[in-house]
Amino acid sequence: MAQTSIILRVELYHDKVTFGDVAGVISHAGGDITSIDVIRPGKESSIRDITVDIMESAEGQIVESLKQHEGIKVINVSDRTFLVHLGGKIEINPRLPIKNRDDLSRVYTPGVARICKAIHEQPEKAFSLSIKRNTVAVISDGTAVLGLGDIGPLAAAPVMEGKAMLFKQLANVDAFPICLDTKDTEEIIRTIKIISPIFGGINLEDISSPRCFEIETRLVQELDIPVFHDDQHGTAIVVIAGLLNALKVVGKNMESIRVIVNGIGAAGVSICKMLINAGVTRLVPVDLEGAIVRGGKYSQPMWQWLAEQPQVESIAGSLNDLIKGADVFIGVSQGGVLKIEAVKQMAADRIVFAMANPHPEIDPDEALPHVRVFATGRSDYPNQINNVLVFPGIFRGALDCRASQINEPMKLAASKAIASVVTESELNENYIIPSIFNEQVVAKVRNAIIEAAILTGTARRIPKDFR
C-alpha cells in the first residue's frame, strides 16, 4: 500500500484535551507524526498544524477518530502531494528581461526578422538561434500511465509535468509536457511530426503496447531528431546497468547466465533486446500465455522478432516450468506471479529483479533470504531500478551532440556508464545501482552517449569538451 503525508489543522480545547491525547489518537489510527507547527497559541484553545505520515488507506480513519474525540476540532486536512501539484509543477520563464523599447526591438519585431531569415536560409541554425537545441517534448496519450492503465490525457498530465521537472533539475534540459487526446496510431505519429520543428528531441511516455512499438519505429524513421520511448528503453538501460553490477557481486558473466524475463510488453521486449546486445546467450521470454520460443509463430511483430533470435530458448512452458536453473529473473509484469518455491529452484547466487509496481512479482521480505541480489522498482527497498537514472543524461548528451537518433550502442553505453558510478569499494548486494541524486550519473551518461554517437556516426556536432 502506498504511503503519503497529510497536514491536519486542529483546534485543541485545553480544558478537555492535551496534545498527548491527539498524538495518541493519531498513533492508534496508524499515523506517524513528523512535525508540529503552532498556528495560534491561546489559554483556552490553540490551533496547530500536524504533519502525519500515513498509509493512503488510513487517512479517513485518522480524521474520523480525531473528530469523535471530545476537545478536538478538525479544521482542515491537506494532502501534501496534492498541495505540490496546485497550479501545476512547471512554468516558462524568459532567459533575459525586456526592460525598454530597444530590448523589445531585439527580441521581437523588427530585429527578430533577421533571425527568421537566417534560419530560413540555413535551417540547421534553428539549433543555435532557437530553443530547439535544448528542448524535449514529453508526449503521452494517457493509455498506460504508471500502474493506472488507460486514464486519458488529462490525468496523464501530472506525470509528464513531473518528468519535465526532472529533466530541468537533473540535466538542465527544457522539457514540455504534451498530452494527446487521441489513441489513433497514425494521428499520433502525424501530430508529433508536425509539432517536431521546435523540439530537439521527443520523449514518448506511457503509451500502451503494442502501439508504442509502431509509433516509435515510425518516428525514428521519419524524424531527424532523437525519439526515445522511456517506458521501453529507459527501463531496459537501468536493468542492464544493475545486472552488470549484480553479476560482479555474484562472480558470473553475461555470456554464461540463463535469464528469465517475465512480461513481454514494451519494457520486456526492450530488456530482451538489450540483454542480447549485452552478450546473453540463453534467454527465456515469458508472458501470460507462456514462453516465447525460438522458431515459434506470433502475431505480435516484436514477439516474432524474439522468436527468430538464436539466443532465445526453444522449450515451451510456463514461468514455473522454466525457471529451474535460471541465474537471473527479471520481472516487468504483475505482482505476486513469482512464488518462493520457484525462486528456490533457481541456480545458486540468484539474482531477482522484481519490478512490477506498486507490488513486485514476489514480496521482497519473502524473497530476500533466498536470493543473493534483489532489486525492485520501489524506493523503500535497496537497489531501486528507476528510469530517472537514464533519460536526463541521455537527452543531455543527444542534444549536446545533435544526435539524429538514440541507437543500440548508445543505450548500452548508457547502461555501462550508470553501472560505473558505483565504485568497486561501494559495490555490494544492497548497492548495485546509484542514487538518482548522485551528481555523477547525468555527467557520465551524457559523456557516454556523446562518445557512442560520434563512434556510430549519429552525432552532427562535436561538443567542445570532445574536440
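So in the range 251-278, with the set limited to residues that are in contact with a helix residue (DSSP H, G or I) (Cβ under 8 Å, 6 or more places away or on another chain) and of a type in the set (Gly, Ala, Ser), which one is nearest to Ile362 (Cα to Cα)?
Only one residue fits best here, namely Ala267.
Which one of Arg40, Arg48, Arg9, Arg80 is more than 30 Å from Ala157 (Cβ to Cβ), in contact (Cβ under 8 Å) with a residue 24 or more places away in the chain, of a type in the set (D, E, K, R) and out of contact with any helix residue (DSSP H, G or I) (no Cβ under 7 Å at 6 or more places or on another chain)?
Only one candidate passes the filter, namely Arg48.
Take residues that are in contact with a Cys (Cβ under 6 Å, 6 or more places away or on another chain), at pLDDT below 85 and surrounded by 15 or more Cβ atoms within 10 Å (Cβ to Cβ) and tell me which of the helices (runs of 4 or more DSSP H) falling wholly in the range 58-152 contain 2 or more.
By residue number, no helices (runs of 4 or more DSSP H) qualify.
Could you tell me which residue of the range 156-177 is nearest to the chain's Cα centre (by Cα), considering only residues that are open to solvent by 30 Å² or more (accessible area, probe 1.4 Å) and under 30 Å from Ala459 (Cβ atoms)?
Leu166
Would you call Gln334 among the polar types (S, T, N, Q), closer than 22 Å to Ala236 by Cβ and open to solvent by 50 Å² or more (accessible area, probe 1.4 Å)?
Working: among the polar types (S, T, N, Q): yes; closer than 22 Å to Ala236 by Cβ: yes; open to solvent by 50 Å² or more (accessible area, probe 1.4 Å): yes.
Yes: the conditions hold for Gln334.
Could you pull out the residue among Val52, Val38 that is surrounded by 15 or more Cβ atoms within 10 Å (Cβ to Cβ), in contact with a strand residue (DSSP E or B) (Cβ under 6 Å, 6 or more places away or on another chain) and modelled with pLDDT under 90?
Working: Val38 fails: surrounded by 15 or more Cβ atoms within 10 Å (Cβ to Cβ).
So the residue among Val52, Val38 that is surrounded by 15 or more Cβ atoms within 10 Å (Cβ to Cβ), in contact with a strand residue (DSSP E or B) (Cβ under 6 Å, 6 or more places away or on another chain) and modelled with pLDDT under 90 is Val52.
For the range 354-461, which helices (runs of 4 or more DSSP H) that fit wholly inside it have 1 or more residues that are basic (Lys, Arg), touching a residue at least 24 places away in the same chain (Cβ under 8 Å) and open to solvent by 10 Å² or more (accessible area, probe 1.4 Å)?
391-400, 408-421, 440-455
Looking at Asn76, is it within 30 Å of Lys16 (Cβ to Cβ) and over 31 Å from the mean Cα position of the chain (by Cα)? Explain how you work it out, then say what you get.
Numbers: within 30 Å of Lys16 (Cβ to Cβ): yes; over 31 Å from the mean Cα position of the chain (by Cα): yes.
In short, yes.
Out of the residues in the range 19-35 that are open to solvent by 40 Å² or more (accessible area, probe 1.4 Å) and touching a strand residue (DSSP E or B) at 6+ places or on another chain (Cβ under 8 Å), which is modelled with the lowest pLDDT?
Looking at the filtered set, the residue picked out is Gly30.
Need the failing condition index for Arg467 against (1) farther than 29 Å from Gly335 by Cα; (2) in contact (Cβ under 8 Å) with a residue 12 or more places away in the chain; (3) out of contact with any helix residue (DSSP H, G or I) (no Cβ under 8 Å at 6 or more places or on another chain), just the number.
Unmet condition: (2).
Does the range 338-348 contain at least one residue that is within 21 Å of the chain's Cα centre (by Cα), surrounded by 22 or more Cβ atoms within 10 Å (Cβ to Cβ) and at pLDDT below 95?
No: zero hits.
Checking Pro434 against (1) over 18 Å from Val227 (Cα atoms); (2) of a type outside the set (A, V, I, L, M, F, W, C); (3) more than 16 Å from the chain's Cα centre (by Cα): exactly one of these is not met. Which one?
(3)
Counting only residues that are part of a strand (DSSP E or B) and β-branched (Val, Ile, Thr), which one in the range 326-347 is nearest to Arg378 (Cα to Cα)? Steps first, answer last, please.
Residues of the range 326-347 that are part of a strand (DSSP E or B), as a first pass: 328-331.
Cutting the leftovers down to β-branched (Val, Ile, Thr) gives us 328, 330.
Details: Val328: 19, Ile330: 15 Å.
Checked the range 326-347; the qualifying residue nearest to Arg378 (Cα to Cα) is Ile330.
Only residues that are within 17 Å of the chain's Cα centre (by Cα) and either of a type in the set (Ser, Thr, Tyr) or under 23 Å from Asn172 (Cα atoms) (or both): list them for the range 202-230, please.
Selection gives Ile202, Asn203, Leu204, Glu205, Asp206, Ser208, Ser209, Val227, Phe228, His229, Asp230.
Could you grab me the full set of residues in the range 166-208 that are within 20 Å of Ile406 (Cα to Cα), not in a helix (DSSP H, G or I) and not charged (D, E, K, R)?
Asn172, Val173, Ala175, Phe176, Phe199, Gly200, Gly201, Ile202, Asn203, Leu204, Ile207
The values are calculated or read from the model by the stated rules, or taken from the named source; none is laboratory data. The structure presented is a predicted model; accordingly, all values stated were derived computationally and were not measured. Glycine also receives a Cβ, built like all others from the backbone with ideal geometry; neighbour counts cover every protein chain displayed. To get the accessible areas, we keep the full protein, side chains included, count just its heavy atoms, and leave off ligands, DNA and RNA. Shrake-Rupley method; radii C 1.70, N 1.55, O 1.52, S 1.80 Å.
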